[in-house]
Amino acid sequence: MPFLSIIVPVYNTEPYLKMCLDSILRQDFVDFELILVNDGSTDNCSVICDEYAEYDTRITVIHKANSGAVSARKAGLRVAKGQYVGYVDSDDWIEVDMYKSLCNTARIFDVDIVICDIIENYPLQEVKRSQLVAPGLYRKDRMEKEVYPIMLYSGEYYRFGLYPSLSNKIFKRDLLEKNLFDVDDQICMGDDAACTYPSLLDAESIYILENQYLYHYRQHSSSMTTSYDQLFFKKILVLYEHLKVLKYRKADQVPNFAEQLQYYFTYLVMAAVNNELNRFNHKRLHEKRTFIKKMLIHEAFHGSLHAIRVTNMPLKLKVYTWLLKKKQILLLFMLNRLNRQISDCKGLIPTFTKRKGAYQHEN
């Protein structure tokens, strides 16, 4: 039985897959199994996965019909044998000592989750991202005082206390099984958050490594400014229903959890509106206005949008939030159009970069 199971969901990432797999197989830590879940790739990913499995006996390959990241993660977890489980996205890569650092810490402190920092790799630069929660060991009592109150919202608009990603963490397998299998396979927006935060709430202990930037997120050029997703709103609603249940289940454990979710949902409102106003959305303007108004009165957004405090928001977000509350769709459209004409991308409205099913705010 290996100490660690590493699961890599794979879907159409042929240009990056070998770099990802090589970075895992070069790890200083060797007591692991590697489970590759080919989720119906239509490129040569399936061939690459099988070739690597012939090369290293620690590799298991699962071929399945395409059904999304959540389903692929579950498929890998069902066959995992390790005491701990970690995920790597198939277009990312990791430092050679990542799992040595995470697993050694897990062995020493016997914690449920170990977390490292990340590096976002853009085409022309890289950005180091640290957790806002201070590094160190947290047992349950300390988590309730210092982690949970800022987990999704740290006091500064859309700054997580802990990043929602599954991939910069290792989890005890039984904790992950308890939470991942409850996540709806349809969730493809915020799917990491739908598993990570429930796991953190159920964990009895965590350890956050200090200044160890060990996971590389490859940031692609695809963004809300270059694509339109006509199912965006429906995807958000699936996530909303999942987190709404969590809100009621954990209300006694995290008194301000409902408030944190309000900020999370407000962010999604902005992303959904920007998506609808996208220049590649070929609906007529009155059709866009009608659909946006429909979104803004939905229970998933209306309550959150009117409950949040704008005090800690940057000015551009205050303006944007006010326009949303007042349903000033034409002004939003004008600001959106103006923003595209500003060459430095520091416009009047927030922009969002799409990545691996989640949307991150660009400052």
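One table, with the values for the structure above:
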read-out	value
Cα pair distances in the stretch 7-59, grouped into 5 Å bins until the bin that holds the longest one, percent each	4, 21, 34, 26, 11, 4, 1
Among 64-70, 54-60, the order from most to least packed when residues are scored by Cβ within 10 Å on average	64-70, 54-60
Highest-first arrangement of 303-309, 186-192, where packing means the average Cβ count within 10 Å	186-192, 303-309
Distant alpha-carbon pairs in the chain (separation over 34 angstrom), percent	27
Acute angle (nearest 10 degrees) that the helix 285-296 long axis makes with the longest principal axis of the chain, alpha-carbon atoms	60
Most mobile of ASP91, ASP22, ASP185 in a GNM of the chain (Cα contacts under 10 Å)	ASP22
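Values quoted throughout were computed directly from the atomic coordinates according to the rules given, and no laboratory measurement underlies them. Just so you know, these numbers come straight off a predicted model, no measurement behind them. Counting neighbours? That spans all protein chains shown, and the Cβs are built from the backbone with ideal geometry, glycine included.
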